[in-house]
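Here the structure comes first, spelled out in structure tokens, and everything after it is commentary.
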Amino acid sequence: MNDTDAGLPARAAALDLLTAALSGRTGLDDGLSHPALQALSPRDRAFARAVVMATLRRLGPIDRALDAKLQRPPPDRVRNILRLGAAQALGLEIAPHAAVATSVDLADAQAGSRRFKGLVNAVLRGLLREPPKLDDPNDQAPPWLYARWRAAYGETGADAIVGMVAKEPATDLTLKDAAMSAALAEDLEAEPLPGGGLRTARRGELSTWPGFAEGAWWVQDAAAAIPARLLYVQPGQSVLDLCAAPGGKTLQLAATGASVVALDRSAPRLRRVTENLARMGLEAEVVCADAIAWPDPRTFDAVLLDAPCSATGTFRRHPDVLWAAKPGDVASLAGLQAKMLDAAARRVRPGGRLVYCVCSLEPEEGEAQIAAFLQRNAAFAIEPAQSGEGGAPAPSLRKDGTLRILPHHVDGGLDGFYAARLKRGV
């Protein structure tokens, strides 16, 4: 990527996208679907997204460096222009003078920031004269999150976690048919993953990749693919996938030949599940309902609950979660998770399995949830996972047989997850 890749419209779209990403929990996803971004050429759209992702992955160090150069806080939009400029100059292959000049042009083109273009020029040039240190562990995540991770995983563990923040992840794929692994690995220039998926450094439009049109694979982080494997679903068994959208786990379960019900309360997100099932040539009953209040009386051989959570474990692919999350989110979500876990348990037949998982690094959403659940539900017990089961990294296995997957547990990284397999007594 260089300074000729995109002009002012792409950078203006990047400014809007960064502003959206920092506005709340779904800001980045909402921004990526904004008409202004979609109106760009594929090249400019890719540039805008790349600049924003680079900014979010280095946001802590960039903000510290900017604060050292600013006498007083500028308006948020001006700060975002400075953030984008700093990321281009320091983290992307863009000529420093071009990063400064285009940032000044961007400020000049915005009515609310025009009078700050001199500030933008001076601050960014100052950064280039004294390039900041970008790898201090204390800067990689908000201080409150970093403190939580130090308390939960120790200083070494917390530093290993935040060491993954700035690294751009590869793309992980789950295969519809494991027998196609060798052929697809060659076509996609991919490496096999322990659970049977593939990892590729390939970039570009997914729909042009070998195997996409044929429905041979779908994109799914290596860690996100583990919980469904823990259910050991067999052909003909009945399975309930609660909180199913966007559908990766539903596809896994359907590919086993099981009879799958995919439930989620979001109709727009369920449309994506339906589209993915059609592309893959797989079937599932798709239900739009609240998991807690769903009136259907059915019970199932296996239930998967990927519960709503703070999603702090997904920062490699969604770095905005670090900066959009708030300290109170964990406690409020933990209450919802407990209710959903009890509702999921009521759907499990005697002798059946329940897998609970969250893409969170926070113990209150994982370990503490299961400990409290087992106190409330004497009919259930942990069915311990084995080392390496489902493709889980060996260091993720806890003494009680649950999994605490941390982003640094494999070379190249993976999402942070907690997963527990529970069995109901007969």
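The values are calculated or read from the model by the stated rules, or taken from the named source; none is laboratory data. Keep in mind that this is a model prediction, so the values were computed, not measured. Positions of Cβ are backbone-derived with ideal geometry, glycine not excepted, and every protein chain shown enters the neighbour counts.
At-a-glance table
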| quantity | calculated |
| --- | --- |
| Close pairs from the stretch 38-52: first under 15 Å from residue 88 (Cα atoms), partner basic (Lys, Arg) and in a helix (DSSP H, G or I), Cβ under 9 Å, at least 6 apart | 47/11; 48/11; 51/11 |
| Residue satisfying all of: in the stretch 339-356; assigned to a helix (DSSP H, G or I) and within 22 Å of the chain's Cα centre (by Cα); farthest from residue 227 (Cα to Cα) among these | 340 |
| Subset of the stretch 387-402 (residues that are assigned to a loop (DSSP other than H, G, I, E, B), at positive phi and touching a residue at least 60 places away in the same chain (Cβ under 8 Å)) | 388 |
| Helices (runs of 4 or more DSSP H) within the stretch 29-120 that include 1 or more residues surrounded by 14 or more Cβ atoms within 10 Å (Cβ to Cβ), modelled with pLDDT of 90 or more and over 30 Å from the mean Cα position of the chain (by Cα) | 59-69, 96-109 |
| Test result for residue 364, out of contact with any Asp or Glu (no Cβ under 9 Å at 6 or more places or on another chain), within 14 Å of residue 424 (Cβ to Cβ) and in the same structural domain as residue 312 (by TED's automatic domain parsing) | no |
| Meets criteria (of a type outside the set (Val, Ile, Thr), farther than 18 Å from residue 62 by Cα, touching a residue at least 60 places away in the same chain (Cβ under 8 Å) and in a loop (DSSP other than H, G, I, E, B)) for residue 169 | yes |
| Among residues of the stretch 121-140, those that are part of a helix (DSSP H, G or I), of a type outside the set (D, E, K, R) and either more than 13 Å from residue 82 (Cβ to Cβ) or touching a strand residue (DSSP E or B) at 6+ places or on another chain (Cβ under 7 Å) (or both), counted | 2 |
| Sole exception among (1) of a type in the set (Lys, Arg); (2) outside the structural domain of residue 281 (by TED's automatic domain parsing); (3) in contact with a helix residue (DSSP H, G or I) (Cβ under 8 Å, 6 or more places away or on another chain) for residue 203, by number | (3) |
| Residue check for residue 179: at pLDDT below 95 and over 22 Å from residue 53 (Cβ atoms) | yes |
| Residue 355 surrounded by fewer than 24 Cβ atoms within 10 Å (Cβ to Cβ) and over 19 Å from residue 266 (Cβ atoms) | no |
| Residues (over 19 Å from residue 272 (Cβ atoms), hydrophobic (A, V, I, L, M, F, W, C) and in contact (Cβ under 8 Å) with a residue 60 or more places away in the chain) located in the stretch 176-223 | 193, 222, 223 |
| Filter result (surrounded by 13 or more Cβ atoms within 10 Å (Cβ to Cβ) and charged (D, E, K, R)) within the stretch 168-190 | 168, 172, 176, 187 |
